[in-house]
Every structure is written in structure tokens, then in C-alpha cells.
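Please find one structure pasted underneath; my questions will follow.
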Amino acid sequence: MARMKFICDSERCIECNGCVTACKAEHDVPWGVNRRRVVTLNDGVPGEKSISVACMHCSDAPCMAVCPVDCFYRTDEGVVLHDKDVCIGCGYCSYACPFGAPQFPTNGTFGLRGKMDKCTFCAGGPEANGSQAEFEKYGRNRLAEGKLPACAEMCSTKALLGGDGDIVADIFRTRVLTRNKGSEIWGWGTAYGKPSQGGTAPAQPKTETSKS
Amino acid sequence: MNRAAVFLASALVLGACTEKPQGVTTRKVDEKPWENASAAYAAPGFKAGDKGAWESQMRSRNQAQNEYNRTATR
């Protein structure tokens, strides 16, 4: 099985924040932590693009590399998780992450940072699957229930795809080839191979005529 | 005599300043998703079992995000 990955199709994202709400509700996320956020570029300008961002579950995670107490681990499916009992709340992973995924609750007194919290790909943590302890610390373990992340399954436009990386990439590829748009963002040549190497040539985006 | 008393007193006082054992220092080992799965909230039709069953469940559930399975593509 391939690594678990997210892809957010910015052509379809309508900034409804359904993914954000689904995540918060599903995992009872602490106050001040946004495991998933929607980022909008050129907000308010025609042609604005939105993308839903959470932990990218990097193959070579910088958070894991810098943690002084080695509380991070990666599952066989490529999901990057951590043990809150080992976490000392230093915040170094938050500095290291280029996506701002590791976050800290704001309900601490005197600026107490507390334990790091981040997107778990709905895979819980190192407690027993489905246990109350796991829910209280990490949120629901949907992977153990045979489901996929709540954010991706709840997406109203199917912009946010989450699951097996091969399947998710295949779904996105089908979309791009069908609508002839959207390949330019994700590095088509890197993902699917340049035509000289046998890959499919990227679809050329249609020029948009202004409607006045 | 005085020196011995001072030495004994300081030994008793400093003996209380030992370093306390640290808390948890090694992370717990995580279970695989198909092990000990919660039956209460399992997806309909999914029974936790071996790795193969879980992987095929993941693959079939993933296709629910592909609406081209339900609509005709151009």
C-alpha cells in the first residue's frame, strides 16, 4: 500500500471551510489549534484560489528531525504521528514545519504552551485503537474504523482528496485530463513524468476571456 | 568533632537534593490500524481483521472521493 497523502484541488476549493469544521468536530480539537486551515490567495479578486492545508505527513519530516525528545514516529502507511506523553512542548517542531502544522493550545496559564497538537490523518496516536485515552489526546482514529480522514470525506466539492497516494493521484490525474485545467500547479512533469520519458503531456490551460 | 557534625549535617541536607527520575522518555509503540479496531464506530460492512482486508477497505472507500465513478466523463 502506498503512503497516505492529501491533495487539495485548488480549482475546486470554494473556501467553504467544511474540512476545517469537520476536523474540529471529529477530534474535539483544543481551543487555539487549527489542525486544518484554508488558505486563500488573492482573496476577493476574481480568480482567487483556495487550498486546504494541514500536516503534509512528509516523507522526510522536519518536525521529526528536530524534535529533542524524539516523540515523532511514522507509521507503515506514511502517517507522521507523535506521542504527547513524551512531548515537552518546546515548540521546535512548529518552527521547523514549513506548513505550520504543529500547533499549541492557547488555554494555558502564563503563556503555558502545552503539548503539541497536529493533524493525525485521523489515525489517532500510540494509545490503543479506539480507546477513550486515544480520543482525549489525539482525536478519533478513523483509519482503525476503516474510514478515511473526515476532512477529505466531508469535502463538499471533492477538492480535498485524502487516502492512498496512488489512488488520490490517479483521481486527480483523471480530473486534470478531463477538464484540461489544473496541471500547472502541482508540477505535472515531476508527478507523472515528462513526455520524453513516456508520461502524458500536460493539458494546456484554456485562455480565459474576460466577461464584461 | 565539630567537623564531623558539620559533615554529617551537610550530608543529610544534600542527600535530599537528588535528581528526581524523569517522566516518560520513550514513546509507546503504536498499534496497526487493523489491530484492535473499534467495532462501535466501524464503517458499515467493515470488519477489522488482517492487513489485506483493511487495505482493500481503504482502496474501495477512497473511490468514494472520485465522482467520475458515478458521472459520465466527457
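How high is the FRET efficiency between B:R70 and A:S131 when r is their beta carbon distance and R₀ equals 30 Å, given to the nearest 0.05?
0.25
What angle, in degrees between 0 and 90 and rounded to the nearest 10, separates the Cα long axis of helix B:51-62 from the longest principal axis of the Cα atoms of chain B?
Compared with the principal axis, the helix lies near 60 degrees.
If each residue of separation counts as 0.36 nm, what is the full-extension length gain between A:F110 and A:L177 once their alpha-carbon separation is subtracted?
Contour length minus the Cα-Cα distance gives 18.8 nm.
To continue, here is another question. Within a 10 angstrom radius of each residue's Cβ in A:122-129, how many Cβ atoms of other chains show up on average? Whole number is fine.
4
What is the local net charge at A:V38, summed over the other residues whose Cβ is closer than 14 Å to its Cβ (Lys, Arg +1; Asp, Glu -1)? List each step's numbers first, then the result.
Values: positive: A:R12, A:K24, A:R35, A:R36, A:R37, A:K49; negative: A:D9, A:E15, A:D43, A:E48.
Net local charge, A:V38 excluded: +2.
So if I restrict to the alpha-carbon atoms in the protein assembly as shown, what is the Rg, and what is Dmax, the biggest pairwise distance, in Å?
According to the Cα coordinates of the protein assembly as shown, Rg and Dmax are 24.0, 103 Å.
Still on this model: Can you tell me the orientation of helix B:2-15 relative to chain B, as the angle in degrees between its alpha-carbon axis and the longest Cα principal axis, to the nearest 10?
Around 10 degrees separate the two axes.
For a quick protection proxy, order the peptides B:3-9, A:117-123, A:132-138 by their average other-Cβ count within 10 Å, most packed first.
So the peptides B:3-9, A:117-123, A:132-138, ranked by packing, come out A:117-123, A:132-138, B:3-9.
We did not get these values from a lab; they are worked out from the coordinates using the rules stated. Just so it is clear, the structure is predicted and the values come from calculations on it, not from any experiment. Glycine gets a Cβ as well: all are built from the backbone with ideal geometry, and neighbour counts include every protein chain shown.
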